[in-house]
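So the structure is just underneath, and the comments pick up after that.
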Amino acid sequence: MTRAPKILVFDSGLGGLTVLAEVARLRPDAALVYAADNAGFPYGALPPDLLLARVVAVIARLVARFEPDAVVIACNTASTLVLPALRGKFPATPFVGTVPAIKPAAELSRSRLVSVLATPATVARDYTHDLVRTYAAHCEVTLVGSAMLASLAEAFMQGEEVPDSAILAEIAPSFVESGESRTDCVVLACTHYPLLAGHFERLAPWKVAWVDPAPAIARQTDKVLRERQGFSAPEPQVPAVRHQAVFTGDAEPSAKLREALRARGLECVSVEPMPLVVA
Ligand code: DGL
């Protein structure tokens, strides 16, 4: 295939930008569309049936509009629930999901005390519990459902003041001591959280490995493009490609947000209003 691949990166808000950055690094030849369903944010607070219907409806609209070669669901809360439905409904489109990186964390941990920091919905999912059972049976896994962190990350990206005390209150339950041992790996199981990585490093009561699956998701996206969609690896010198961002909320993105998006190569920003309807 000689044309540039088009990749849609989807999240409830700005968290998927942490995945977009890795995808852009690995596929500099790709045209990226970043789609934030901010009208539905936060997904972590939506009941599963509503979330499933919502994501399928929004993706239907986005796939029809952008005709992407691959879709990255850059959201753990959605991926742990909706991937089978999306793959069933759009069989011609490859979907790459983002699920809690419990397997690599369990392999990395020396203390065998691993924490999974995620939205309350992700920690409640059967999918997450299955990952723990399958890959981390030899570890003591603490699931931490944070009600506030994704919103704090959004506020940070909008240039708002985010108090350290608010962030620390959310991450503190991830730090567990048991006898002589303490947590040495914390899985960032919500794509919003790496946006606050600097805060986490600074506020952590002790040093841990923060496990972020974004590089692995980018590798999987590249693999899907090559093996399923017939694209070759990017040439060493690729022409500059234009990227864009689209939001489902009807408010115009703020100047601060546009600036943050521009810094990530997302020059063109539009809104495609899709109000969340709660029956
Ligand atoms: N970024 C999303 C995730 O990875 C969740 C944020 C939300 O609650 O909408 O889980």
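Listing for the model above:
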{"item": "Computed Kirkwood radius, in angstrom, where 1/r is averaged over Cα pairs of the range 19-64", "result": "12.4"}
{"item": "Dipole magnitude (debye, nearest 20) for the range 39-137, charges at Cβ of Lys, Arg, Asp, Glu", "result": "100"}
{"item": "Mean Cβ neighbour count within 10 Å, used as a protection proxy, ranking 245-258, 181-194, 41-54 highest first", "result": "181-194, 41-54, 245-258"}
{"item": "Packing-based ranking, highest mean first, of 95-102, 235-242, 70-77 given that Cβ atoms within 10 Å are counted", "result": "70-77, 95-102, 235-242"}
{"item": "Positive-end residue, the range 16-115 charge dipole about Cα centroid, Cβ charges, pick of Ala21, Ala101, Leu32", "result": "Ala101"}
{"item": "Leading residue at positive end of dipole, the chain (Cβ point charges), from Gln244, Ala121, Pro42", "result": "Gln244"}
{"item": "Amide hydrogen neighbours beyond the local backbone of Val116, cut-off 5 Å, H modeled", "result": "Thr142, Leu143, Val144, Val187"}
{"item": "Under-5 Å amide H pairs with Gln158, H placed in peptide plane, nonlocal only", "result": "none"}
{"item": "The range 147-279: C-alpha gyration tensor shape, a/c 1.5 cut-off, then a/b vs b/c", "result": "oblate"}
{"item": "Extension gain (nm, one decimal) between Gln158 and Val56, 0.36 nm per residue minus Cα-Cα", "result": "34.0 nm"}
{"item": "GluC sites (Glu not before Pro) within the range 134-164: DSSP coil, no more than 16 neighbouring Cβ in 10 Å", "result": "Glu160, Glu161"}
{"item": "Cα extents of the chain along the three principal axes, largest first (Å)", "result": "58, 42, 39"}
{"item": "GluC sites (Glu not before Pro) within the range 172-249, DSSP loop, no more than 14 other Cβ atoms inside 10 Å", "result": "Glu180"}
{"item": "Cβ charges +1 (Lys, Arg) and -1 (Asp, Glu), total dipole of the chain, debye", "result": "760"}
{"item": "Residues with amide H under 5 Å from that of Ala245, placed H, sequence gap 5 or more", "result": "Tyr34, Cys268, Val269, Ser270"}
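Computed from the coordinates by the stated procedures, all read-outs in this text should not be read as laboratory data. The structure displayed is predicted, hence computed values, not measured ones. Here Cβ is always computed from backbone atoms with ideal geometry, including for glycine, and neighbour counts include all displayed protein chains.
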